[in-house]
Structure formats: C-alpha cells, structure tokens
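Colleague: Handing you a structure now.
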Amino acid sequence: MQPDSDIVPLDKRTPGVAAIEPLIFPRLDRLYTRRAEKLRALTESEEENTPLLNSEYFLFLAHLVDGQKKFVEQFPFNAADAAIIRNLAKDGYGQTGLEDTLLALTVWQSAYAQLMEDLRPHLQPSVATALIAALDTPATLSGQAALLLRGQYDQVDPGLAVILWAALSVCWAQAMSQHEVVAGIGQATHCPCCGAPPVASLVLGGDREGLRYLQCSLCETRWHRVRGVCVNCHSSADIQHYSLYEKAPEQAEACGECETYINVYRLDYDPDLEAVSGNFVSQILDGLVEQEGFSGFGFNPFAFPG
Ligand SMILES: [Zn+2]
Ligand SMILES: [Zn+2]
C-alpha cells in the first residue's frame, strides 16, 4: 500500500497466512484528502460534455469533500450518536419513525450546516441561501434524509441530495468505523454495516494483492467479496470484464445472468485510484457497457439522478 493510502496496513503480528479481513474501515482523513485531490485533478479534464462532467462541478465536489475532512477533524464524534446511527442501520431504514429519530439526531444536521458554511462562497448566492434555509425546517430536511437512506433518490432535489448525502456520510462513516463483524458479509450485495449500495468494486494490491472488496457509498467501509462471482446475483456462469485498453485500472465487471455491471478499480495496477472520483472517469466505459445491455449496480453518491 502507498504510505498515504487510506487503507490500513495488514496486521503482521500474526505469522503465517493472514486471514482475509471481512471488513476494512478507511482512514477517513486520508480518504477525503485523496478524493479531493482526485476531484481537483478532474477539473483539468478536457472532456466537458455532460452536466456531471464539468470542472465547475468537480471543484464544488472538492470543496464539499474538504468540508467533510474538516468536520472529522474539528467535531469530535460522540459514542451515543454513533450508537443511535448503528441501531438505525441495524433495524433497517424501512422502520416507522425513521424521520423522528433523524430529527432528534442533530449531529448530521450540524454536519450539513458546517458543509454549507464552507460551500457558501463557492455557490451562487441564491442557491446558497436556499440550501442554508433548509436548516430552518429540520422536520422537512429529516424527511429528505430518510428518503435518501431508503434509496428513494429521485424524490430529493439533486442539488440538495449531494450535500445532504455528504453530511450523512461523514457521520455514518464515523459511526460504523468500529462496527462489529456480522454474519453473511461474504454474500452482501449492500453494505453489511449500514445497508447502502456499493460505489464500486476494488481489487487491492500490496499485502492484500488480488483481494476484492466492495466500497460502501455511504459509510465508506469496504467488505470482502470473492472474485469471479457476480456481486449482485452471486452467479459465476457468465462474468465478463470490460476496459478501454488492456490492463486498464478502470474496468467494468458485467454479469450475463442478471445483466448488471459494477465498476472495478484495480488498485493493484494503480494504487492511487479512488472510487467516487473514479466513477466520473469511468463514464465512457459505463456508456459502452450499458450499450451492451447491462445496467449499473453501483451507486455514485456525487451523481444523483435528476
Ligand atoms: Zn456502509
Ligand atoms: Zn449477476
């Protein structure tokens, strides 16, 4: 692993073949630093042809990620809030009263307020004012947060959704970072800690050469899944890998059985890759795979539909 990687080195105190860790929790400060750097690098990209592929948007996202890093550094996360969030995830977001629990849980609202404070100079004044005003109606904002947690993304305004997701994510990531290992991780299509969909599949390098983990779009946890098996339907009958050139670090793994695909980032080829920013780089590949009839299984929290 790179010295500045957000992936913790393997514990070498135990001699012999190391067991595969079911979960890997990121070093959040390094993850946010890497993600913001990668998003800033994308602002230099020459391909500006869609609303989600333009330097202004990438710069906005880089400021948003800077804000998440600052929140982790400046606001100590307390154990009681972490326990409430872990219980919410354990009971599932279909529970009645989710909105009320979110309303009473102020930590994510503080995260949203701080992110907006930092973003304000980088947004059009009217947009910033409207997004900050959302804090004046916390019950409505809690309802929107509940919709995001339930995966009903199309019911939330895309501009609000990106910032709201970032606020939830920075809290969920800290709450889950001490999550105990639960049964069934090896088959989990959604995050075994928080229930959110994966951003992408990572093939690790270094001490964990060749191991595949899915990365959570909400809490950033990585969970182990064996390779050669569809992450969605578990079939190994018809798995194909697509890439724009041979040995490309950005690939797509498609399954002919359930006709879905997931982006794969080969950290064994390029340890610098980062899943969320990588999702924007993969858009050309995504388009080609989708033309073949596959639909994306991964979820990019910075590219809400709308
Ligand atoms: Zn998660
Ligand atoms: Zn499948």
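Colleague: Within the chain, count lysine pairs with alpha carbon atoms under 27 angstrom apart where the residues are 8 or more positions apart or belong to different chains. Numbers along the way, then the final one.
Modeller: Values: LYS38/LYS69; LYS38/LYS70; LYS38/LYS247; LYS69/LYS90.
Taking the chain as the scope, the lysine pair count is 4.
Colleague: Same structure again: Tally Lys/Arg at +1 and Asp/Glu at -1 over every other residue whose Cβ is under 14 Å from the Cβ of ALA134; what's the total? Don't skip to the answer; put the middle values down first.
Modeller: Working: positive: ARG120; negative: GLU117, ASP136, ASP157.
Around ALA134, the surrounding residues sum to -2.
Colleague: Can you compute 3J(HN,Hα) from phi for each residue in the stretch 104-111, using the Karplus curve 6.51 cos²θ - 1.76 cosθ + 1.60 with θ = phi - 60°, rounded to whole Hz and x for Gly and Pro?
Modeller: For the stretch 104-111, the Karplus-derived couplings read 6, 8, 8, 4, 6, 5, 5, 4 Hz, x marking Gly and Pro.
Colleague: What is the packing order of peptides 190-197, 107-114, taking the mean over residues of other C-beta atoms within 10 Å and listing the highest first? Walk me through the intermediate numbers first.
Modeller: Working: 190-197: 23.2, 107-114: 20.4.
Highest to lowest by the protection proxy: 190-197, 107-114.
Colleague: Grab the DSSP H runs of the chain that are 4 residues or longer, score each as -39,500 (n - 2.57), total them, divide by all residues and round the 222 nm result to the nearest 500 deg cm²/dmol. Can you show the working numbers first?
Modeller: Working: 10 runs with 124 residues, N = 306.
Helix-only estimate at 222 nm: -12500 deg cm²/dmol.
Colleague: Can you give the net charge of the other residues whose Cβ lies under 15 Å from the Cβ of ALA83, counting K and R as +1 and D and E as -1?
Modeller: Details: positive: ARG86, LYS90; negative: ASP81, ASP91, GLU180.
After counting each charged neighbour, the total is -1.
Colleague: Using alpha carbon coordinates only, what is the Rg to Rh ratio of the stretch 81-150, with Rh defined as the Kirkwood radius? Spell out each step's value before the answer.
Modeller: Details: Rg = 13.4 Å, Rh = 13.0 Å.
Looking at the stretch 81-150, the ratio lands at 1.03.
Colleague: Relative contact order for the chain: what is it in percent, counting Cα pairs under 8 Å that are at least 6 residues apart? List each step's numbers first, then the result.
Modeller: Values: 502 pairs, mean separation 54.8, N = 306.
For the chain, the relative contact order is 18 percent.
Colleague: If you don't mind, another one. Using Cα pairs closer than 8 Å and at least 6 residues apart in sequence, work out the relative contact order for the stretch 28-176, in percent.
Modeller: 29
Colleague: Right, something else. Taking a ≥ b ≥ c as the square roots of the eigenvalues of the Cα gyration tensor of the stretch 161-306, is the shape rounded (a/c under 1.5), prolate (a/b larger than b/c) or oblate? Don't skip to the end; give the middle numbers.
Modeller: On the way: a/c = 1.44, a/b = 1.26, b/c = 1.14.
Because its axes are fairly even, with a/c under 1.5, the stretch 161-306 counts as rounded.
Colleague: If you roll a 1.4 Å probe over the chain with all protein chains in place, what percent of the accessible area is carbon or sulfur?
Modeller: Carbon and sulfur together cover 51 percent of it.
Colleague: Find out how many positive minus negative residues lie around GLU220, taking Lys and Arg as positive, Asp and Glu as negative, among other residues whose Cβ is under 14 Å from that of GLU220. It would help to have the intermediate numbers written out before the result.
Modeller: Details: positive: ARG27, ARG30, ARG34, ARG35, LYS69, ARG222; negative: ASP6, ASP29, GLU274.
That works out to +3.
Colleague: Given N residues in the stretch 28-176, what is Rg(Cα) / (2.2 N^0.38 Å)?
Modeller: Working: Rg = 15.6 Å, N = 149, 2.2 N^0.38 = 14.7 Å.
Working it through for the stretch 28-176, the quotient is 1.06.
Colleague: Another question about this same structure. Using DSSP to define loop residues, name the GluC sites (Glu not before Pro) in the stretch 164-266 whose beta-carbon has at most 16 other beta-carbon atoms within 10 Å. Could you put the intermediate results ahead of the total?
Modeller: Working: sites: GLU180, GLU209, GLU220, GLU246, GLU250, GLU253, GLU257, GLU259; in loops: GLU180, GLU209, GLU220, GLU246, GLU257, GLU259.
Those that pass, being in a loop and sparsely packed, are GLU180, GLU209, GLU246, GLU257, GLU259.
Colleague: Calculate how many DSSP beta bridges within the chain are antiparallel, expressed in % of all such bridges and rounded to the nearest 5. Mind showing how you got there, number by number?
Modeller: On the way: 23 of 28 bridges.
Taking every DSSP beta bridge within the chain, about 80 percent pair in antiparallel fashion.
Colleague: As a test of reading the structure, rank ASP6, ASP157, ASP268, ASP136 by solvent-accessible area (1.4 Å probe, protein chains only), most first. Please report the intermediate quantities before stating the final value.
Modeller: Numbers: ASP6 15, ASP157 90, ASP268 40, ASP136 120 Å².
Output order, biggest surface exposure first: ASP136, ASP157, ASP268, ASP6.
Colleague: Return a whole-number percent for the relative contact order of the stretch 163-301, with Cα pairs under 8 Å and 6 or more residues apart as the contact set. Numbers along the way, then the final one.
Modeller: Numbers: 277 pairs, mean separation 31.7, N = 139.
After rounding, I find 23 percent.
Colleague: Dividing the convex hull volume of the alpha carbon atoms of the chain by its residue count, what do you get in Å³ per residue?
Modeller: Dividing the Cα hull volume of the chain by its residue count gives 141 Å³.
Colleague: Would you please give the residues with an amide H less than 5 Å from that of GLY298, counting only those at least 5 places away or on a separate chain, with H modeled from the backbone geometry?
Modeller: For GLY298, whose amide H was placed from the backbone, the distant partners under 5 Å are ASN263.
Colleague: Further question on the same structure: Run the dipole for the chain about the Cα centre, Lys and Arg Cβ at +1, Asp and Glu Cβ at -1, nothing else charged, and hand back the magnitude in debye, nearest 20. Mind showing how you got there, number by number?
Modeller: Working: 21 positive and 39 negative charges, 181 e Å.
Approximately 880 debye in magnitude.
Colleague: Here's another thing I want to ask about it. With a 10 Å radius around each residue's Cβ, average the other Cβ atoms per peptide and rank 274-282, 165-173, highest first.
Modeller: Details: 274-282: 23.4, 165-173: 25.3.
So the peptides 274-282, 165-173, ranked by packing, come out 165-173, 274-282.
Colleague: Let me ask another. With a 1.4 Å probe and every protein chain left in place, work out the accessible area per residue of the chain in Å², rounded to a whole number. Display every interim value, and only then the final one.
Modeller: Values: 13750 Å² over 306 residues.
Counting only protein heavy atoms, the per-residue value for the chain is 45 Å².
Colleague: Can I ask one more? Just how far, in whole angstrom, is the stretch 150-191 from the stretch 135-149 if you go by their alpha carbon centroids?
Modeller: First find each Cα centre; the distance between them is then 15 Å.
The values are calculated or read from the model by the stated rules, or taken from the named source; none is laboratory data. Everything numeric in this text was worked out from a predicted model, so none of it was measured. Here the Cβ is made from the backbone with ideal geometry for all residues, glycine too, and neighbour counts use every protein chain on show. Just so you know, the surface numbers come from the protein's heavy atoms only, side chains and all, with ligands and any DNA or RNA stripped out. Shrake-Rupley method; radii C 1.70, N 1.55, O 1.52, S 1.80 Å.
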